[in-house]
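The values are calculated or read from the model by the stated rules, or taken from the named source; none is laboratory data. Given the structure is predicted, the values throughout are model-derived calculations rather than measurements. For neighbour counting, all protein chains shown are included, and Cβ atoms are generated from backbone atoms with ideal geometry for every residue, glycine included.
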Amino acid sequence: MKATPEDQNLLIELQLIDSQITQAKVKLAGLPEIEQITAIHTRLENTAVELAVVETELADVAIELRRSEVDVEQVEDRMKKDESRLNSGIGTPKELEQLQHELVTLAKRKADLEDGELEILMKHDGVKARVDELLNDQVGLKKLELELHVRLENAKAEIDKTLAELGAARGELVPKIDAALVELYDKVRISAHGVGAALLVGNKCDGCHLSINAIELERIKGLEADEIIRCEECRRILVRI
Ligand SMILES: [Zn+2]
């Protein structure tokens with residue numbers, strides 16, 4: 001196959017554009033924000049799961065606390081009744097003595113219940129603090145997620161702009177090169193990791209960076225400038241400088 005040296009040089013220009021397109025696409029797919037957003041999503045999911053558990057716990061403790069308060073109130077009511085009966089002085093001395101005895105028992109019961117209530121209250125405060133902490137985390141994570149989305153969209157827009165420019169440059173360049181040469185180049189590019197054409201630098205192929213053996217190099221030197229050369233190692237189109 002033959003192609004003018006000008007076309008071969010344009011092919012290297014095309015290769016530069018295509019390499020830049022590949023790089024831009026790799027950058028687009030590997031933007032750090034993508035991974036960061038995924039990590040935030042995982043944390044948000046975990047927070048939501050824990051929050052559901054802790055909020056249920058808080059509701060249970062609130063019921064427990066209310067029950068305990070009612071227990072204390074009931075003992076207090078009973079004590080008030082006993083005290084007013086005692087103060088009225090109505091009843092036999094034995095009955096009055098029983099009331100006094102009951103009041104002592106009730107006071108002890110009240111103190112125990114209040115101790116229990118305090119414990120539940122402390123538990124309630126602890127669970128409530130965890131709920132608040134998780135809600136706070138959620139707000140922070142959502143804010144961060146939003147910021148990351150904005151950063152991701154900006155980075156994407158920038159790369160998309162670059163890709164559009166490169167695509168336009170490619171569109172302008174391709175019609176200037178011999179169609180058969182471009183076809184061969186595209187075919188090689190698919191099988192050679194996106195690089196279809198490389199320069200012959202000294203005795204090295206700039207595509208696979210391997211040296212061309214002396215005999216092959218001699219043969220290449222003897223060829224006409226419009227002869228298309230392929231690297232024996234990587235099969236890429238070799239363009240002489
Ligand atoms: Zn090569």
Could we say that ILE120 is out of contact with any strand residue (DSSP E or B) (no Cβ under 8 Å at 6 or more places or on another chain) and outside any helix (DSSP H, G or I) here?
no
Exactly one of LEU135, LEU152, LEU166, LEU210 is modelled with pLDDT of 95 or more and assigned by TED's automatic domain parsing to the domain that holds GLN15, and that one is LEU210
Sort through LEU200, LEU148, LEU166 and tell me the only one that's touching an Asp or Glu at 6+ places or on another chain (Cβ under 8 Å), over 22 Å from ALA3 (Cβ atoms) and either part of a helix (DSSP H, G or I) or within 16 Å of the ligand (Cβ to nearest atom) (or both).
LEU148
When the residues of the range 228-241 are narrowed to those that are more than 9 Å from the ligand (Cβ to nearest atom) and surrounded by 14 or more Cβ atoms within 10 Å (Cβ to Cβ), which ends up farthest from ARG189 (Cα to Cα)?
ARG240
If you go through the range 218-227 one residue at a time, do you hit one that is part of a loop (DSSP other than H, G, I, E, B) and free of Cβ contacts under 8 Å to residues at least 40 places away in the same chain?
yes
Say we look at the range 178-190 and pick out the residues that are among the hydrophobic types (A, V, I, L, M, F, W, C) and in contact with a helix residue (DSSP H, G or I) (Cβ under 9 Å, 6 or more places away or on another chain); which of these is surrounded by the fewest Cβ atoms within 10 Å (Cβ to Cβ)?
VAL182
Tabulated pairs, the range 96-116, first in the same structural domain as VAL72 (by TED's automatic domain parsing), second among the small types (Gly, Ala, Ser) and not in a helix (DSSP H, G or I), C-beta under 8 angstrom, 6+ apart or interchain
LEU96/GLY89; LEU99/GLY91
For the range 63-95, which residues satisfy the criterion of being over 60 Å from the mean Cα position of the chain (by Cα) and in contact (Cβ under 8 Å) with a residue 24 or more places away in the chain?
ARG78, MET79, ASP82
So in the range 6-45, with the set limited to residues that are touching a residue at least 24 places away in the same chain (Cβ under 8 Å) and of a type in the set (Gly, Ala, Ser), which one is surrounded by the most Cβ atoms within 10 Å (Cβ to Cβ)?
ALA24
Would you pick out the residues in the range 191-227 that are farther than 23 Å from ILE177 by Cβ, of a type in the set (Asp, Glu) and surrounded by 14 or more Cβ atoms within 10 Å (Cβ to Cβ)?
GLU216
Could you tell me which numbered condition GLU117 fails, if it satisfies all but one of (1) among the acidic types (Asp, Glu); (2) farther than 30 Å from VAL70 by Cα; (3) surrounded by 13 or more Cβ atoms within 10 Å (Cβ to Cβ); (4) more than 16 Å from the ligand (Cβ to nearest atom)?
(2)
